[in-house]
1. Summing +1 for each Lys or Arg and -1 for each Asp or Glu, what net charge is found among the other residues whose Cβ lies under 9 Å from the Cβ of GLY77?
2. Whole number please: convex hull volume per residue, Cα atoms of the range 355-513, in Å³.
3. Enter the accessible area of VAL387 (Å², nearest 10), with the probe set to 1.4 Å and all protein chains included.
4. Roughly what angle does helix 484-495 make with the longest principal axis of the chain, taking Cα atoms, 0 to 90 degrees, to the nearest 10?
5. Cα convex hull of the range 158-225: mean projected area in nm², to one decimal?
6. For the chain, what's the radius of gyration and Dmax over Cα atoms, in angstrom?
7. Please list LYS198, LYS538, LYS270, LYS548 from largest to smallest accessible area, probe radius 1.4 Å, with all protein chains kept in place.
8. Of MET288, ASN346, LEU331, which is farthest towards the positive pole of the range 283-348's charge dipole, taken about the Cα centre with +1 and -1 on the beta-carbons of Lys, Arg and Asp, Glu respectively?
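The values are calculated or read from the model by the stated rules, or taken from the named source; none is laboratory data. Please read all numbers here as calculations on a predicted model, not as lab measurements. As a convention, Cβ positions derive from the backbone with ideal geometry for all residues, glycine included, and neighbour counts pool all protein chains shown. Side chains are part of the model used for accessible areas, which takes the heavy atoms of the whole protein and leaves out ligands, DNA and RNA. Shrake-Rupley method; radii C 1.70, N 1.55, O 1.52, S 1.80 Å.
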Amino acid sequence: MKTNIKGLCLAALAFVAVGCTDLDVTVDSQYTEYPTNEIALEAKMADIYYHFSGVLGRRYMEAMCLSSDEWTAASYGGGWYDGGAYAHPSLHNYSFEDATLDWFGTITEGISKANKAIVDLGGNDAGEAVAPARAIRAYFHWIIMDGWGDVPILDRTPEDGEAVARRPRAEVARWIESELLAVIPQLTTEVSEDTYGKPTRWMAEALLAKLYINWPVYTASAVENYDAATAQNEKLADCIKVCDDIINSGKFNLGSMSYREKFSYNNGPKVEDFIYVMPYDTQNRQGMQYGRSRCWKNIKKMSKSYFGMALSQSGGGYMTMTPEFAKTFYLKGDDRNKCVIGLSDNVDDYRYVEGKVSNTVYVFDPNTLQMTNEVARMEGPDSDPLVLNMNVTLATPDDPTLDVGDNINGYCQGCRSVKWYVVDADFMNGRNQSNDVPLFRFADVLLMKAEALTRQGGSAEARTLFNQIRAYVHAPELDHNPTLEEIYEERGREFFDENWRRNDMIRFGHYEDEYFPHYKNFPTARFEKTCRIFPIHKDILNLNPTWKQNAGY
């Protein structure tokens with residue numbers, strides 16, 4: 001547990017959100033006056049800051065990861081099919097009833113909370129007092145705009161009975177830009193345990209950079225009209241400017257700790273790469289369950305799991321890595337390779353080896369997070385080694401449920417991630433973890449600037465920025481200026497399992513690529529460009545009858 005968030009977590013528990021997804025309903029405060037007590041005020045604001053934690057810990061992650069080429073769904077004899085909630089994103093064959101897309105209303109609840117705080121603290125003109133709430137409100141708008149395209153601009157709480165209209169995506173993007181530009185000078189520049197997990201100037205600038213690098217995507221006349229090959233980005237210079245402000249602040253760096261340590265069960269404010277973070281704690285802020293979906297299906301039966309200990313909870317295992325993505329971890333010496341199990345039998349050179357298909361899994365040391373020479377075994381010490389098959393084969397070809405078989409052969413389909421390291425002291429509590437999840441990292445700022453420079457025509461500075469990433473993970477450095485394709489592939493390695501791949505794939509023009517099981521000969525796979533955004537869930541449409549479903553659904 002991170003001691004720096006303990007008090008804030010406990011205070012925030014007093015403010016339990018009332019479930020409300022009807023955008024036409026006024027959200028009333030539980031106070032007649034806004035609390036002036038510092039502890040009560042902090043707790044009220046914490047309820048806004050950490051509102052996203054539950055969705056980020058599972059459903060948002062599933063929607064982002066399963067719709068990208070990082071992960072595919074796996075069902076086991078029908079188990080974990082769950083009405084297609086996981087298979088549909090993997091095939092871009094979304095349904096407006098999918099549970100993985102049922103979080104639009106949760107984000108708008110967070111916007112309503114932010115609006116209430118802004119009003120009670122004096123409105124938009126209250127300056128520094130409301131700047132954090134405005135930054136979070138802009139971030140929440142970005143989340144739903146990125147996922148659903150045209151969304152409402154909720155810069156105030158609607159009146160009773162007032163119909164809320166969706167606004168064009170480009171208009172929403174410009175509103176988010178204006179909000180961030182307005183609050184950036186008013187936000188704190190402090191970086192400390194006191195500001196960990198809270199909006200700062202650097203959080204707002206990182207979001208603004210992300211908005212700018214995706215500007216042609218968000219301002220296209222229609223989602224299907226964005227063409228990565230021909231799009232012109234008028235905001236590249238602006239993107240570089242805000243990246244420079246973060247870089248020149250001296251507040252962040254790639255750090256001296258290993259790549260693995262940044263994402264471990266005891267990460268926290270010590271990670272100098274983290275600009276904006278969602279803190280989790282297995283006791284006091286639950287909801288982070290990335291290990292649950294990525295664990296080997298039978299991990300509870302292992303007397304000593306590959307995490308170096310027995311786990312008292314079963315693994316879900318309903319997400320497995322696509323072979324296409326696993327093969328991007330080919331750089332010799334790259335520390336990031338060891339976040340993927342099933343890449344190679346050579347413990348000293350753990351990376352994808354051309355021609356290898358089945359690969360032995362080794363046990364990690366939970367104290368050092370390093371791989372040992374001990375072979376992971378499927379049950380007891382004398383049982384068979386755990387061997388994963390990089391290629392994924394369905395039990396029945398073209399099965400839309402993506403059933404790999406409810407047996408050992410099925411459980412061993414595909415490589416798995418150990419980036420979000422699991423320890424039983426956390427996992428035993430309902431499979432919750434204490435790994436804090438970064439939302440914006442300094443490494444991302446470096447690669448966004450490198451990308452913007454490359455899109456402007458390329459430069460030696462882009463290579464320097466790119467090689468800063470390669471150097472700290474001990475991967476081979478480039479001897480030439482990076483291409484956009486090299487930046488795209490590097491972003492995949494650096495930010496895999498951090499919910500950015502879908503966003504990158506769309507911007508770089510790879511979202512309609514083929515990768516398991518999203519193949520053009522697969523009967524239920526979709527390749528229409530309208531699938532770049534999600535269908536609006538039926539519950540939201542029912543509450544907002546004037547809204548039309550997104551095109552293509």
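1. -2
2. In the range 355-513, the Cα convex hull volume per residue is 186 Å³.
3. 50
4. 90
5. Values: hull surface 27.0 nm².
With the hull built on Cα positions only, its mean projection is 6.7 nm².
6. Considering the chain through its Cα atoms, Rg and Dmax are 22.7, 69 Å.
7. I get LYS548, LYS270, LYS538, LYS198, largest accessible area first.
8. Value: MET288.
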